[in-house]
Amino acid sequence: PYEDAKEKGMKFVEGCERSLRHVVWFEFVSSNKITKLLLKFRETMEQCVFSLSIIITILLTCFYGIPIDPNTNRILADGTFQTAFRTSGYTLNIPYAYAQNTSDPEGGGKTLTAITQQNDMGVEYRMALSTRWSHFQEWEFALPMRDFIFFLGVLHILLTMLKCTSYLVLDFPLTLFDKLDELEHENEISNKSSGGSDASSKQGAEYLRDMPDYPMSQEGRLDARSVLKMSQVLLDPFRYGLFLCMSILGLTNSPFFYAFCLLEYFTMRGGRDVLRALYFGGPQLMKSFMLGLIVLVVFGFMSYAFFSTAAIETDESCHTLYQCVAKHVADALRGDITTVLGNFANFTHPALVFWADVWEAWKTLYIVVFLVWWWFLLQPIIQGQIITAFSQLLERQRSARTDMNTRCFISGISRFDFNNYPGEWECRASGKYAWNFFLYMRHLKTVDVEDVNGMEASVLDAYESGSGAFLPVGVFAAKQWETVTDPAADWRRSMTSMFQKLQLDFKNLDKRIAEMSDNHNAKVSETGSVPGSQVSRQAMSPSSALRSGDVASPLGARPGSDFFERS
């Protein structure tokens, strides 16, 4: 909504051209029944593939790898948590009731923790590198779920292959055409910008001497920018191929690969909003992250220098400079630096008085400065920038939506200007009026050149040049007619007043003729009536004479006589 009208018009023309290309392509491919079905159920297939990934992941979480007690054929320890250490909230590890049935009743079979560790089939799988589908011990709790998940995996790979085929047939050619059109448009702009020269301001021999060379054709030349642009076209095929490989590996090797297919959510609307927010606030986030990383590295070197006793000798958390700095950075990113600085007892007890033990006082000051810089300044700033990026993105979407609901997308006129024209705003709300121009462009693209009139030719030239000058920005034709002077308006007003005057004259004349008829009939009755001598008022009226083409008057006047002309 804040863009210039010219720039908005150029973007609208560009979007119309891209949409027309898509419509023509979809009309072409929809002539085949199979591609028509792919086009119709494409979004449904994408939703089904993602839903299958969710269902398989949930079923694996609930039924895969559950240890079974061979003595009871039930879940080991009835599914309760057991630990080998005395922890707050838990008692000592519970002895295994069937320890005598094991090969080591006093060692590995004595406690439930040891039995659980021995029943971890994941360790055996990682050592043997065998497929998880054939590892029946991990499916022992619900063996029928293995076949059901396998069936869902078959559906997943079939739908994924259909989705990839749909993309390669329907979307990939359009992406390629759009990228080629973008490169061509950029080359035209660069050629226009490079074609100008200051030689036009010179004259005579100086102009001939400094005249630029004839520009050579740029067709068929590839540069690094063009190669980089074209490589972006391969990103979507790579993504579709990657998820297809994950689906195949999930069916042939391990169902765990279906969990990676959940990453496809970032290609859907909700995931794209998150990525768009990160992209929108990316520059500021990178600046803050670089500042925080620099602070962590500097304090990591100082920690290695000043806390060697606590970090290396006492806790044995790191030994070399690289190890201590890397661990300091990694632990600080997750919010815990005690592994490098030592336990809290090592730095929460400062010196009794700072001048008596300057070294401990310096260490305390160092820790306070680091905590303030990282935990109270840099981390909130980074989180605040992420929140600000989301809010700015939402504000842009909200302002665009508000603008579409309060102003005409094409003309930019406020909706309140259409209050005196019922039904006009309903045709323009939410940008619906733009479809009229889209259909008009489609008509101009399909009509023969011989059938194009002057106005259509002008609009077509502006459209092909990428200009939106033909768009009625700030113009509402119905309202404009009220303010524009009409050459025929005075003639229409004069004719209207003349007809009104004629109607009044005819009414007066009818009244006068009626009076004359009454007087004539009265005189005839006094002198003696003559059969058929009375004249009706209706026959004597000029309006009836105009309808019948004749006028019956007591004077015997006919059309063309002086009496009729005077009337």
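The values are calculated or read from the model by the stated rules, or taken from the named source; none is laboratory data. Because the structure is a prediction, the values reported are computed rather than measured. Here Cβ is always computed from backbone atoms with ideal geometry, including for glycine, and neighbour counts include all displayed protein chains. Accessible surface areas use protein heavy atoms only, side chains included; no ligands, DNA or RNA. Shrake-Rupley method; radii C 1.70, N 1.55, O 1.52, S 1.80 Å.
So between I386 and M290, what do we pick up on full extension, going 0.36 nm a residue minus the alpha carbon distance?
Using 0.36 nm per residue and subtracting the Cα-Cα distance, I get 33.0 nm.
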The summed charge of the Y96 Cβ neighbourhood (under 10 Å; Lys/Arg +1, Asp/Glu -1) stands at 0
Lysines with Cα under 30 Å of K327, excluding same-chain neighbours fewer than 8 positions away: K287, K363
If amide H atoms are built 1.01 Å from N in the plane of the peptide, which residues on other chains or at least 5 residues away come under 5 Å of the amide H of F141? I66
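Can you give the FRET efficiency to the nearest 0.05 for V475 and E14, using r as the Cβ-Cβ distance and R₀ = 25 Å? If you can, show how the numbers build up before the last one.
Working: r = 22 Å, r/R0 = 0.87.
It comes out at approximately 0.70.
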Radius 15 Å from Cβ of T446, net charge of other residues (Lys, Arg +1; Asp, Glu -1): -4
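How much FRET efficiency would the formula 1/(1 + (r/R0)^6) give for K179 and M145, where r is the Cβ-Cβ distance and R0 is 45 Å, rounded to 0.05?
Details: r = 46 Å, r/R0 = 1.01.
Step by step, r from the Cβ atoms, then E = 0.50.
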P(r) tail for the stretch 132-180, what percent of Cα pairs lie past 12 Å? 71 percent
Just how much of K6 is accessible, in Å², when a 1.4 Å probe is used and the result is rounded to the nearest 10? 150 Å²
Calculated FRET efficiency for the pair K507/K36, C-beta based, R₀ 51 Å, to 0.05: 0.10
On a straight-distance basis, which lysines could pair with K8 in a cross-link, Cα separation under 20 angstrom, same-chain partners fewer than 8 positions away excluded? K432
If each residue of separation counts as 0.36 nm, what is the full-extension length gain between I55 and D171 once their alpha-carbon separation is subtracted? 39.0 nm
